[in-house]
1. Report the FRET efficiency, 1/(1 + (r/R0)^6), for residue 333 and residue 118, where r is their Cβ-Cβ distance and R0 is 41 Å, rounded to 0.05.
2. If I model a spin label at residue 111 and residue 378 as a point 7 Å from the Cα along the Cα→Cβ vector, what separation in nanometres do I get?
3. Taking 0.36 nm per residue of sequence separation and subtracting the Cα-Cα distance, how much length would be gained by fully extending the chain between residue 409 and residue 325, in nm to one decimal?
4. Please give, to one decimal in nm, the separation of the simple spin-label points placed at residue 275 and residue 140, each 7 Å out from Cα toward the Cβ.
5. Which distance in nm do the two modelled labels at residue 102 and residue 130 give, with both placed 7 Å along the Cα-to-Cβ direction?
6. Apply the Karplus curve 6.51 cos²θ - 1.76 cosθ + 1.60, θ = phi - 60°, to the phi angles in segment 292-297 and return the couplings in whole Hz, x for Gly and Pro.
7. Taking 0.36 nm per residue of separation and subtracting the Cα-Cα distance, what length does fully extending residue 446 through residue 401 add?
8. What does the extension gain come out to for residue 224 and residue 431, with contour length at 0.36 nm per residue minus their alpha carbon separation?
Amino acid sequence: MSTTAKHRIEGFEGRAAVSRSEPVGRAERDGGATPGELAVEGLPAELRDRLGDELIDQLLAGARTEQEIVGPSGVLAQLTRRLVERAMDAELTEYLGYEWGQAPPGGMGNSRNGTTPKTLRTDHGPVRIETPRDRQGSFEPQIVPKRKTRFAGFDDKIIALYARGMSVRDIQAHLGELYGVEVGRDLISRVTDAVMEDVHAWQQRPLEDVYPVVFLDCLVIKVREGGTVQRRACYLALGVTLDGDRDVLGMWFQETEGAKFWLQVLNDLKQRGVQDVLIACVDGLKGFPEAIEAVFPDTWVQTCIVHLIRHSLRYVPRREREQVARDLRPIYTATDADAAREALEQFDERWGQRFPPITRSWQDAWEQVIPFLAFPVEVRRVIYTTNAIEALNRQLRKAIKTKGHFPNEEAARKLIYLAISNATPAWTKTRSWTAALLAFKIHFGDRLPE
């Protein structure tokens, strides 16, 4: 790269961050920060040194209103145009091998050939730029590639809006109101469809060898198929790693929830590298424990206690639910399995004649009720309920509730993946994990790697 071209590119990199600075009008809302401080916050030290208050003051000279600073023809839009054009010119200089105003090496060969106008869609509205051309038409700019009219970050905004459940029409209106940019439905569809490559890679990625805990649950959505809207089951698996991090292992779609398809899900996890699961937390679906045992024979199956309590209270009149729930509590807070059995017998003595299905449901699931009782109280909170994955489901429902139904399964897969990516940071870590890991090591020994 020539020295001048290198300096131009470095100058662009050093000054480009100015276009991301906050408007002066926001200084009071940011605790009195000055425009210069807002402009350089979060930048590397070497870039902050180039963006002092004096330079910011020069850029903002005469600009006082929000329109003058961030409007379609404001300072940021004009600065974006100048910086992009300078950077593209530096790219062309490097590509051709000679500076502006000089003759091409050897007197012949490729050379500059004027410019072509293009309108960029940016965070600050549409920006008109002149893109340099070469005579052979072989120059491929990097900062704004050929046939691209969206500046860096614009696609990310479309995807972020889509991930929050906004419809294509709502995204169009939002971008038009916020940035003054008209975005077609086809463009939004192309941008969001590009996510499908990430979805397929994520669904097929290799997994950890061992997961101490895996939560398995199902989310029901609506998909249009054959002219009618059908209910579909979205199967979700949430694993807890050895470091206590929660990770969504995948999603699978089927017409209804059933143990038979869960068997396929578990086989898929095994094919992707999962060799062992210490504890699988599930709801009370019939046949679920047998499906897990078929793929991971040594796994402890823990029925969600919260699901079991909800199922029990379905048979109880509203006025008595509080008392029945209070009498069920000694069962799942018992010191061990024997004490839990005794508490169940006492519950049956009081309520068995009036509500026989309650006692029967706990007895039928007893082998999957008691595993968590082998652990200390702080560890039980980690595994006695599928609330971790239900919390994820609540986040997903927020994103899909505005849809009503999806036009196809791919659309559902795309939005749920984006919603998972958007929701993940809120609940990545498992509480009391150090104590849980120690208890797992004591109980499962060599099955838990060092």
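The values are calculated or read from the model by the stated rules, or taken from the named source; none is laboratory data. A quick note: this is a predicted structure, and the numbers were derived from the prediction, not measured. A quick note on method: Cβ atoms are made from the backbone with ideal geometry, for glycine too, and the neighbour counts reach across all protein chains shown. SASA here: full protein model, heavy atoms, side chains in, ligands and nucleic acids out. Shrake-Rupley method; radii C 1.70, N 1.55, O 1.52, S 1.80 Å.
1. Working: r = 67 Å, r/R0 = 1.65.
For R0 = 41 Å, the calculated efficiency reads 0.05.
2. Taking the two extended label points, one gets 7.8 nm.
3. Working: separation 84, 0.36 × 84 = 30.24 nm, distance 3.97 nm.
Full extension of this stretch gives 26.3 nm more.
4. 4.3 nm
5. 2.2 nm
6. Result, rounded to whole Hz: 5, 4, 5, 9, 10, x.
7. Details: separation 45, 0.36 × 45 = 16.20 nm, distance 4.48 nm.
Contour length minus Cα-Cα distance gives 11.7 nm.
8. Working: separation 207, 0.36 × 207 = 74.52 nm, distance 3.98 nm.
Result: 70.5 nm gained on full extension.
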